[in-house]
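Comments concern the structure below.
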Amino acid sequence: MTQDQLHKFTFKPISDGFKKTYYLNGQIYSAGKIANSKESGLWEFWYSNGVKARVGEFSKGKPNGSHQYWYDNGKLRGIGNWENGVYNGKRVLYSEGGKEPLHKFIMTAN
């Protein structure tokens, strides 16, 4: 964004619909659906260098289901399961090289 665009920038919260947010450098930060003023459905997140950082489902503003994470070099960082905003179930973390799992464990929401 140019300085002129930043001065004219206004913030209008989205209560329902598709939302995109951006870094000040113009790269996309996040994109997904808003329902009743909360994240809903599939959301994607990126690093400021444009590489995807995270993808996963949300329900009523909380992470739900399987989420994938990447390092800023594009290699897979991990896969984890959420239930109502809390890690629950299998979680696998990978080295920055993205090949061999560093950790595999099961988490329960108790």
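Computed from the coordinates by the stated procedures, all read-outs in this text should not be read as laboratory data. As the structure is a computational prediction, the values presented were derived from the model and not from experiment. Backbone-built Cβ (ideal geometry, glycine too); neighbour counts: all protein chains shown.
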- Taking the Cα-to-Cβ direction at residue 52 and at residue 30 and moving 7 Å from each Cα, how far apart do the two end points lie in nm? 1.8
- Task: Mind giving me the nanometre distance, one decimal, between the label points for residue 73 and residue 106, set 7 Å out from Cα along Cα→Cβ?
- Result: 3.3
- In order through the stretch 63-75: 3J(HN,Hα) via Karplus (6.51 cos²θ - 1.76 cosθ + 1.60), integer Hz, x for Gly, Pro: x, 8, x, 6, 10, 10, 10, 10, 6, 6, 8, x, 7
- Task: List the residues whose amide H sits under 5 Å from the amide H of residue 95, counting only those 5 or more places along or on another chain, with H placed 1.01 Å from N in the peptide plane.
- Result: 100, 102
- Mind listing the phi-derived Karplus ³J(HN,Hα) values for the stretch 77-83, rounded to whole Hz, using 6.51, -1.76 and 1.60 with θ = phi - 60°, and x for any glycine or proline? 9, x, 9, x, 9, 10, 9
- Task: May I ask you to derive the FRET efficiency for residue 86 and residue 23 from their Cβ-Cβ distance with R0 = 22 Å, giving the value to the nearest 0.05?
- Result: 0.20
- Item | Estimated distance in nm for a label pair at residue 42 and residue 99, the labels positioned 7 Å out from Cα along Cα-to-Cβ | 3.0
